[in-house]
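K.L.:
Sharing a structure with you now.
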Amino acid sequence: MRIYGLELLRGLSVTLGHFIASYTEGFKRTFANRLRGQVRQDPSERGIFTVQYPEERLRVPERFRVLPVLIFNGKEGEKWTPAAERCTACGICAKVCPPQCIWIVQAKDPASGKPTPKASEFFIDVDVCMNCGLCAEFCPFDAIKMDHTFELGGQERKVSHIFDIDKLHVSTEYYAKTHPKAWAQEEEARRKKAVK
Amino acid sequence: MGLGFLIPAIVILAAAPIGMMGLTWYERKVIARMQDRFGPNRVGPYGLLQPIADGIKMFTKEDLVPEGADRFCHLLAPILMVVPSLFLFTVLPLAPGAVAAPLATGLLFFMAAGSSETLAIFMAGWGSRNKFSLLGALRSAAQMISYEVPLLLTLAVIPLVVGSLNLVEVVKAQEGFRWFCATPWGLTALALTLIAGLAEVNRTPFDLPEAESEIVAGFHTEFSGMKFALFYMAEFLSTLALAALAAILFLGGWDGPAAGVVPARWTNALWMTAKTLGMVFVMIWIRGTFPRFRMDQLMGFAWKVMVPLSLANGLGACFWVLRPGLAGNVVSAALPLGAFLVFTQLWLTPKPHLTTKWIDPALKL
Amino acid sequence: MNEEQVLEQEVRRHVLITPWDGLLKLLDPVYNWGRRNSIWPLQFGLACCAIEMICTAASRFDIARFGSELFRASPRQADLMIVSGTVTKKMVPMIVRLYNQMPEPKYVISMGACATAGGPFKEGYNVVSGIDKFLPVDVYIPGCPPTPQALLHALISLQKKIDGQSLTSVRWYRKETDSEIPVPALGPDLLDVRRGQEIKAKCAGLEETKPAVLPTMIPAPLPGNTLLVKAEELLATAKRLKLQPDLAYDYLANLTCTDYQDCYEVVSHLYSTRRPSPPITLKVRARKEDPRVPSLTPVWPGADFQEREVWDLYGVRFDGHPNLKRILMWEGFEGHPMRRDYLEPYYEAPGKIFPSRWKEGRHQRAEERVPWADNVKYPAGFDPAAWRPSAEEFQPVASRTLEKLKTDTLVVNLGPQHPSTHGVFRMRIVVDGERIVALEPVMGYMHRNHEKIGERNTYLMNFPYTDRLDYLCSMSNNLAYAISVEKMMGIKPTERAEYIRVIMAELTRILNHFWAIGFLLNDLGAFFTPALYAIEERELILDLFEMASGSRMMCNYLRFGGVAADLPEEFLPLAAALVNGRLPKAIEQMDRYLTRNEILLNRCRGVGVLPREAAIAYSAAGPVLRASGVKYDLRKADPYSIYDRFDFEIPTFPDGDVYARYRVRIAEMWQSLAILRQALKGLPAGEVQAGKKLWNLRVPAGEAYGRTEGPKGELGFYLVSDGTDHPYRYHVRAPSFINLTALGLMCQGHLVADVVAILGSIDIVLGETDR
């Protein structure tokens, strides 16, 4: 014979446990030394699970991908130049992009009219991009990478959601800061290749 | 007669919305904490100004009346819902002497005012000109009516024991820590009042008529802006009033140890508030934990379990009063317990398994 | 008079400046403060972005802090519509209707690339190029999908926008604002009624266009175990295959069609649950003019929806089908879109890579390329004013059932906007009192033309698109696709990659079952608490996915011959901590909280029974099949990857009701943990990619049907290759779609309140159902 209601009480005890833990764990955390602003939760923690955006931000892993950016050799705050540009307009990223959101115009030498390995125009339609990262994965020149910036909400889209070559370029210093491991690996590979 | 009634009336009219707003805040925070999150905490310190923002927003929303709807009904329904729930507070004593209307039939008045909300719900469903709103309203009305029976039967023990329907008398009878919830019949009655009360105010696990995962219509689907705010207010006011009633009837009301520093009435009011909030906490706790009953299960529970149980409880209370002593106490404890065990088993007997008959069509080829 | 005085006089003449305006200016801060701190969203989500929206409302990101946790089901009480997911043509009339029902002041956030401008599915024939073609949008969020933190950032932007508003200048207090947006109609294509005259004028001068280049193929030589039968012999052969005891092919896994140059070929894949026999592929061909074949529903009822899909997308008629209507597109749509000669409105070239993107790639929106400036096309001579919508037909209720009921029946619509239909799914129910007499599922509201786009893509490009099929379980979808193509290419992944794949697939299974249970309880009314506990665990698993692949949901992690990148070093400690510590505790907590809960038992026992024989005949798969007592799990019955090396059990329950499906999912979570422990222990070192990673690979000509046991059931990919780098035919066997075939049977005789529970127990996802 089963007594009706015992399991209901057990369920109540589960939620009460969470309620009490949210306060006790909270007290423990205020007295412990928790890094503010670099939150990533540990699986052994109980209690409140919230990361209070925008005051606290969840740290993103290095491989986190939102929108693509073009890399040029330089420091933060500088403007890109064709000399510092890494992109050779080979077109692989445009070819491998699944929704075909990349448009590239290959630059031409103004004197002879012959095509040069530089891109004169580069467009990405952010409203078509699916953040898949294939362009960055298959670029042979480490020229296009996936960026971490996700705070992109805006009130307009017709103009601001077409990223052109100026908006897309970021410096290698920025890239090294946001992707330290990948940067170290690529620099190592570059050095090895230069030695050979 | 004078204008002596104005002061309590103004106090109630001012305090009730504030209480309701505080209650919405309290509910959101408690449920959030049970779900490992914070709840509103950006609008003012600890989110205390959140209900005010909600109020301002609802006040400024457009009032949409569906085409062809009965405008008068549509307008009147929320008002008819809120006003009785304000009436409920007139008979609830906060501290000795702090009651708006110390009626001799206080408890009866409370139940009568609470029951009249059923009419408002029906008006809301009718005035919406939406067949699903109407269905939701009818379900809600049926639920409220059928849970009033066990509620009244349960509360019948109070005049039996105390000898009066006056709520002030009820509290006085429990003074000195002789709270009724320490008796077997009182504990059962408290549990029954709580459950029936949840059904009366349409809260989980009895909130099927409002259920958002059903035919997306409760009776208040077609109401927007201030009218919806009034429905919202009525639900929370009823919850608060019911929790206060349970505290008064079974938890001793304002009874509690006094601190020497402040006047006794203030500590009494504090105790009353604390007990009410404790009962509200239990109601919110239940809301955050359980899934809801289906309509037929809900009705079945009311008629097949709660009514017999409340009758048995009444009988047990009789034994407690008329035969004080160990024998009487044991019988008065055994009766509700026995009724509970017997009737839940009967109700829980599984119905014959509905095996869907299915024959492979390939065999007929 | 000087200039200033003239100006002032003009101003005074035309603008009445009163103390009233000054007073209103004082009210502005209060008015705005109230509105911006109490934005109540509508419970409305379309696709993958809706999952991130739900995660924003969950414990980790907690939109409740901003005051927005009250997601209202009724539009009359909501302020904010977050359009989260692809807006399809079939769905957009509902969205506009919902928007019209919301009272002012109201706001719209367009979340994700799809809602903003069509997103990666923009080129599909059923996709609207952005919701701002119909609704005024306040904030746009790019991303696919935007993370919950991005959504919170957008909410803050919306709050800032509201802060800048003023009572004297807001839209809803002006007289000239339109009260309602006219609802678009579904004619031969989506009809924006505001452009009626323009459409009529343009159609008058239209000519029929024919495609310039059409890929052609004739059917390849038949691979092994294939039966090609003539249409007249089909039923007899099918009956023999199913009923003859030494054959016993009782399970129809997949049925679809391929458009060849000279015929339409309808192919079915048959398996046996009773005997470990090799599969049989049954093919029948129909001519191109007025194609007809006999229906297989008399033999395998599970062919029902699949044959309707073939009729909808290819135009092949099935004689003997009980209800041959369109299933994904709407009745009245012009054309059969999967035919090779059907060109979608934004058609550019038969296959990607589009030549317009490189060398001389100047950006041009798709809308600017086409004469309609929108993703629509109409037949020549179409007149919107003269067009009348066709009456929606409904499957007639068999008169037998209504004989003894002399009461009126009522047709009830559940969905497509519905707080608990797991996406945009609609059910038309005939109710008698409260009991259900008949139920017809209506889908297609999330039909994003996955298969048509898949034919235009190269093989590699399809990986991110498979992520978006069952958007909760992207790793499993990747796995099924990778296995199917690797079957055709004949390559094997490396050892380490195999182990990583299994780890990811089992983590996905746990994640999916947590979500399914949480939302089943949500449907039953448990106010989000079990769902939130489940989502907490899911968030921790998503941390693992984000670490390895770069994205929480759209992982795009597997490649042909391995995985995209090796595991980062933080992965294994976190995975071990989860598998050995946190997840067992969480599953145990769910068990303790829910499994014997009396209210749950009352609601779920005996509800939605699917008998054993019916489950097999209706091609049910996954937990639905195993909860009806059929011990059939592809990881053991038809092993793929390295599952044959692991020691685990297949839990089954005999009852076949909602409670049994709940128990099966809990039991499967325990088994997945067992597999994970073994896989993590046995993970070898080594490379994660067999051979070089190619982006322009060609697959040898042939066909293959690759199947895996996804968390929701059998996920299969049927691929036909013509030797190029594009698939010739790309079909997804979606478990959610086919599990719904039995929904009508399961719901008969139950109450409406049970339908929601039954649907929750099947565990569907609309991205997969509609593809």
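The values are calculated or read from the model by the stated rules, or taken from the named source; none is laboratory data. Please read these numbers as outputs of a predicted model, since none were measured by experiment. Using ideal geometry, Cβ is built from the backbone for each residue, glycine included, and neighbour counts are taken over all protein chains shown. For the accessible areas, the whole protein counts, side chains as well, though only heavy atoms, and no ligand, DNA or RNA atoms are used. Shrake-Rupley method; radii C 1.70, N 1.55, O 1.52, S 1.80 Å.
K.L.:
Collect the residues in segment C:688-720 that are closer than 24 Å to C:Val502 by Cβ, touching a strand residue (DSSP E or B) at 6+ places or on another chain (Cβ under 8 Å), open to solvent by 20 Å² or more (accessible area, probe 1.4 Å) and more than 14 Å from chain A (Cβ to nearest Cβ), keeping them in residue-number order.
P.N.:
Selection gives C:Ala690 alone.
K.L.:
Of the numbered conditions (1) at pLDDT 90 or above; (2) not aromatic (Phe, Trp, Tyr); (3) not assigned by TED's automatic domain parsing to the domain that holds A:Phe138, A:Thr24 fails exactly one; give the number of that condition.
P.N.:
(1)
K.L.:
Would segment C:429-451 turn up any residue that is under 19 Å from C:Glu709 (Cβ atoms) and acidic (Asp, Glu)?
P.N.:
no
K.L.:
Let me ask something else. Scan segment A:1-25 residue by residue and report those that are in a helix (DSSP H, G or I), of a type in the set (A, V, I, L, M) and without any contact (Cβ under 8 Å) to a residue 12 or more places away in the chain.
P.N.:
A:Leu6, A:Leu8, A:Leu9, A:Leu12, A:Val14, A:Leu16, A:Ile20, listed by residue number.
K.L.:
Right, something else. Could you count how many residues in segment C:125-143 are more than 7 Å from chain A (Cβ to nearest Cβ) and crowded, with 24+ Cβ neighbours inside 10 Å? Working first, answer last.
P.N.:
Restricting attention to segment C:125-143, the residues satisfying the condition of being more than 7 Å from chain A (Cβ to nearest Cβ) are C:125-137.
Of the ones still in play, those that are also crowded, with 24+ Cβ neighbours inside 10 Å are C:125-131.
Total satisfying the criteria: 7.
K.L.:
Quick check on B:Arg71: is it among the basic types (Lys, Arg) and more than 21 Å from the chain's Cα centre (by Cα)?
P.N.:
Here the answer is yes, as B:Arg71 does meet what is asked.
K.L.:
Just checking, does segment B:58-74 include any residue being more than 17 Å from B:Phe236 (Cβ to Cβ) and open to solvent by less than 10 Å² (accessible area, probe 1.4 Å)?
P.N.:
Taking every residue of segment B:58-74 in turn, at least one turns out to be more than 17 Å from B:Phe236 (Cβ to Cβ) and open to solvent by less than 10 Å² (accessible area, probe 1.4 Å).
K.L.:
Does C:Ser68 count as modelled with pLDDT under 90 and touching a helix residue (DSSP H, G or I) at 6+ places or on another chain (Cβ under 8 Å)?
P.N.:
Here the answer is yes, as C:Ser68 does meet what is asked.
K.L.:
Related question: Within segment C:732-758, can you find the residues that are open to solvent by 10 Å² or more (accessible area, probe 1.4 Å), in contact with a helix residue (DSSP H, G or I) (Cβ under 8 Å, 6 or more places away or on another chain) and more than 15 Å from C:Glu440 (Cβ to Cβ)?
P.N.:
Selection gives C:His750, C:Leu751.
K.L.:
Name the residues in segment C:590-616 that are in a helix (DSSP H, G or I) and of a type in the set (Val, Ile, Thr), would you?
P.N.:
C:Thr595, C:Ile599, C:Ile616
K.L.:
Among C:Ala534, C:Ala526, which is the only one that is of a type in the set (Gly, Ala, Ser) and under 26 Å from C:Tyr557 (Cα atoms)?
P.N.:
C:Ala534
K.L.:
Identify all residues within segment C:100-115 that are assigned to a helix (DSSP H, G or I) and more than 18 Å from the chain's Cα centre (by Cα); write none if there are none.
P.N.:
Within segment C:100-115, C:Asn100, C:Gln101 meet the criteria.
K.L.:
Still on this structure, I have one more. Tell me whether segment C:529-552 contains one or more residues that are without any contact (Cβ under 8 Å) to a residue 12 or more places away in the chain and in a loop (DSSP other than H, G, I, E, B).
P.N.:
yes
K.L.:
Right, another one. Across segment C:282-335, what is the total count of residues that are within 15 Å of C:Glu265 (Cβ to Cβ) and among the aliphatic types (A, V, I, L, M)?
P.N.:
Qualifying residue count, segment C:282-335: 8.
K.L.:
Only one residue in C:Phe354, C:Phe318 is out of contact with any Pro (no Cβ under 6 Å at 6 or more places or on another chain), of a type outside the set (Gly, Ala, Ser) and touching a residue at least 24 places away in the same chain (Cβ under 8 Å), so which one is that? Before the answer, list the steps.
P.N.:
Values: C:Phe354 fails: touching a residue at least 24 places away in the same chain (Cβ under 8 Å).
Testing whether each residue is out of contact with any Pro (no Cβ under 6 Å at 6 or more places or on another chain), of a type outside the set (Gly, Ala, Ser) and touching a residue at least 24 places away in the same chain (Cβ under 8 Å) leaves just C:Phe318.
K.L.:
Find all pairs meeting these conditions: Cβ atoms under 8 angstrom apart; at least six residues apart or on different chains; first residue within segment C:684-706 and on the phi > 0 side of the Ramachandran plot; second residue acidic (Asp, Glu) and surrounded by 15 or more Cβ atoms within 10 Å (Cβ to Cβ).
P.N.:
The qualifying pairs are C:Gly686/C:Glu495.
K.L.:
While we're looking at this one, here's another question. So for segment B:94-115 (the condition being without any contact (Cβ under 8 Å) to a residue 12 or more places away in the chain, more than 14 Å from chain C (Cβ to nearest Cβ), out of contact with any Lys or Arg (no Cβ under 9 Å at 6 or more places or on another chain) and surrounded by fewer than 19 Cβ atoms within 10 Å (Cβ to Cβ)), does at least one residue qualify? Walk me through how you get there before you give the answer.
P.N.:
Let us first name the residues in segment B:94-115 that are without any contact (Cβ under 8 Å) to a residue 12 or more places away in the chain, namely B:112.
After this cut, where a residue has to be more than 14 Å from chain C (Cβ to nearest Cβ) as well, the list is B:112.
Next, from what is left, pick out any that are out of contact with any Lys or Arg (no Cβ under 9 Å at 6 or more places or on another chain): B:112.
Still in the list and also surrounded by fewer than 19 Cβ atoms within 10 Å (Cβ to Cβ): B:112.
Scanning segment B:94-115 turns up at least one residue that is without any contact (Cβ under 8 Å) to a residue 12 or more places away in the chain, more than 14 Å from chain C (Cβ to nearest Cβ), out of contact with any Lys or Arg (no Cβ under 9 Å at 6 or more places or on another chain) and surrounded by fewer than 19 Cβ atoms within 10 Å (Cβ to Cβ).
K.L.:
Quick one: which residue in A:Pro115, A:Pro110, A:Pro140, A:Pro98 is closer than 29 Å to C:Pro350 by Cβ and modelled with pLDDT under 90?
P.N.:
Within the list A:Pro115, A:Pro110, A:Pro140, A:Pro98, the selection yields A:Pro115.
K.L.:
Same structure, new question: Which residues, counting only those in segment C:36-67, are at the interface with another protein chain (Cβ under 9 Å from one of its Cβ atoms) and in contact with a strand residue (DSSP E or B) (Cβ under 9 Å, 6 or more places away or on another chain)?
P.N.:
Here is the first cut: in segment C:36-67, the ones at the interface with another protein chain (Cβ under 9 Å from one of its Cβ atoms) are C:36-40, C:43, C:58-62, C:64-67.
C:Ile39, C:Trp40, C:Gln43, C:Arg60, C:Phe61 - these are the residues of segment C:36-67 that are at the interface with another protein chain (Cβ under 9 Å from one of its Cβ atoms) and in contact with a strand residue (DSSP E or B) (Cβ under 9 Å, 6 or more places away or on another chain).
K.L.:
Looking only at segment C:142-163, how many residues end up being part of a helix (DSSP H, G or I) and farther than 30 Å from C:Lys25 by Cα?
P.N.:
Selection size over segment C:142-163: 4.
K.L.:
Considering every residue within segment C:657-671, establish whether at least one is in contact with a helix residue (DSSP H, G or I) (Cβ under 9 Å, 6 or more places away or on another chain), assigned to a loop (DSSP other than H, G, I, E, B) and hydrophobic (A, V, I, L, M, F, W, C).
P.N.:
Scanning segment C:657-671, I find no residue that is in contact with a helix residue (DSSP H, G or I) (Cβ under 9 Å, 6 or more places away or on another chain), assigned to a loop (DSSP other than H, G, I, E, B) and hydrophobic (A, V, I, L, M, F, W, C), so the answer is no.
K.L.:
Go through segment B:133-163 and give me each residue that's assigned to a loop (DSSP other than H, G, I, E, B) and either under 22 Å from the mean Cα position of the chain (by Cα) or surrounded by 17 or more Cβ atoms within 10 Å (Cβ to Cβ) (or both).
P.N.:
Passing the criteria: only B:Ala156.
K.L.:
Got a sec? Which helices (runs of 4 or more DSSP H) wholly within segment B:269-365 have at least 2 residues that are open to solvent by 60 Å² or more (accessible area, probe 1.4 Å) and either within 14 Å of chain C (Cβ to nearest Cβ) or not β-branched (Val, Ile, Thr) (or both)? Please lay out each step first, then the result.
P.N.:
On the way: elements: B:295-300, B:307-322, B:326-348.
Ranges flagged: B:307-322, B:326-348.
K.L.:
Sticking with this structure for a sec: Please go through segment A:51-82 and pick out each residue that is free of Cβ contacts under 8 Å to residues at least 12 places away in the same chain and open to solvent by less than 30 Å² (accessible area, probe 1.4 Å).
P.N.:
A:Tyr53, A:Pro61
K.L.:
Which members of segment C:458-467 meet the condition of being in a loop (DSSP other than H, G, I, E, B) and either among the hydroxyl-bearing types (Ser, Thr, Tyr) or crowded, with 24+ Cβ neighbours inside 10 Å (or both)? Before you say what the answer is, go through the steps one by one.
P.N.:
Within segment C:458-467, the first condition is being in a loop (DSSP other than H, G, I, E, B), and the residues that meet it are C:458-461.
The answer is C:Thr458, C:Tyr459, C:Met461.
K.L.:
Residue check: is C:Ile758 closer than 23 Å to C:Val664 by Cβ, part of a loop (DSSP other than H, G, I, E, B) and either away from every other protein chain (no Cβ under 12 Å) or out of contact with any Phe, Trp or Tyr (no Cβ under 9 Å at 6 or more places or on another chain) (or both)?
P.N.:
No.
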